[in-house]
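Data first, discussion second: the structure below is written as structure tokens.
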């Protein structure tokens with residue numbers, strides 16, 4: 001099943017249940033592109049999770065992210081800025097992201113799941129969503145899996161598809177740098 005655009009999750013006017021052809025056409029104008037990379041990191045899962053949880057530190061290993069600022073009044077919200085030079089162009093995008101609580105919902109309460117998953121969705125700006133999952137590999141290492149998806153206009157899908165190896169490479173490089181930084185963090 002094709003994911004609905006971000007707008008459909010926040011607006012009852014643009015939802016899968018609306019029968020209007022005007023709103024259905026909106027969905028066909030956008031498509032999600034996804035990148036997924038997994039990397040072994042030679043630190044305990046708690047160290048990797050703790051480091052990735054510090055959102056304002058993410059530009060240290062995601063060099064195409066120029067800044068992440070957590071909102072002072074709402075710590076689950078953060079403003080992200082991406083800067084990248086490609087094909088002779090300086091690209092800059094920003095978005096407001098909401099961290100979602102990784103948890104198991106029971107009938108009576110919600111149980112947080114630390115050291116397992118961090119995930120987010122953009123609320124405004126560049127439409128994107130993602131998940132960082134942490135898989136223990138014994139007491140002193142783990143695997144980190146980053147899944148990042150972004151929405152592109154349907155007309156640009158062939159271009160975005162052609163850029164998929166570039167995006168995969170950027171995410172792979174980021175996780176490799178994260179692994180190095182995490183190792184250094186563990187020993188300091």
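The values are calculated or read from the model by the stated rules, or taken from the named source; none is laboratory data. Note that this is a predicted model, so its numbers are computed, not measured. As a convention, Cβ positions derive from the backbone with ideal geometry for all residues, glycine included, and neighbour counts pool all protein chains shown.
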| task | Output the residues belonging to region 45-103 that are in contact with a strand residue (DSSP E or B) (Cβ under 7 Å, 6 or more places away or on another chain) and assigned to a loop (DSSP other than H, G, I, E, B). | result | 64, 71, 76, 101, 102
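Condition check ((1) over 16 Å from the mean Cα position of the chain (by Cα); (2) over 20 Å from residue 116 (Cα atoms); (3) modelled with pLDDT under 95) across all residues:
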site	(1), (2), (3)
32	no, yes, yes
69	no, yes, no
75	yes, no, yes
78	no, yes, no
85	yes, yes, yes
88	yes, yes, yes
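Across region 131-172, what is the number of residues that are part of a strand (DSSP E or B), surrounded by 14 or more Cβ atoms within 10 Å (Cβ to Cβ) and either modelled with pLDDT under 90 or within 18 Å of the chain's Cα centre (by Cα) (or both)? Don't jump to the end; show me each part of the working.
The first filter runs over region 131-172 and keeps only residues part of a strand (DSSP E or B), leaving 131-136, 142-153.
Now restrict to residues that are surrounded by 14 or more Cβ atoms within 10 Å (Cβ to Cβ): 131-136, 142-152.
Subsequent filtering for residues that are either modelled with pLDDT under 90 or within 18 Å of the chain's Cα centre (by Cα) (or both) retains 131-135, 143-152.
Qualifying residue count for the region: 15.
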| message | On the basis of being modelled with pLDDT of 95 or more and outside any strand (DSSP E or B), does residue 177 make the cut? | response | yes
| Do we have residue 118 as closer than 19 Å to residue 64 by Cβ and either part of a strand (DSSP E or B) or modelled with pLDDT under 95 (or both) here? | yes
| field | Those residues of region 125-180 which are free of Cβ contacts under 8 Å to residues at least 60 places away in the same chain and in contact with a helix residue (DSSP H, G or I) (Cβ under 9 Å, 6 or more places away or on another chain), in sequence order | value | 128
| request: Test each condition in (1) surrounded by fewer than 13 Cβ atoms within 10 Å (Cβ to Cβ); (2) modelled with pLDDT under 95; (3) not in a loop (DSSP other than H, G, I, E, B) for residue 40 and report the one that comes out false. | output: (2)
| query | Looking only at region 58-79, which residues are surrounded by 15 or more Cβ atoms within 10 Å (Cβ to Cβ), under 22 Å from residue 179 (Cβ atoms) and without any contact (Cβ under 8 Å) to a residue 40 or more places away in the chain? | reply | 58, 59, 65, 68
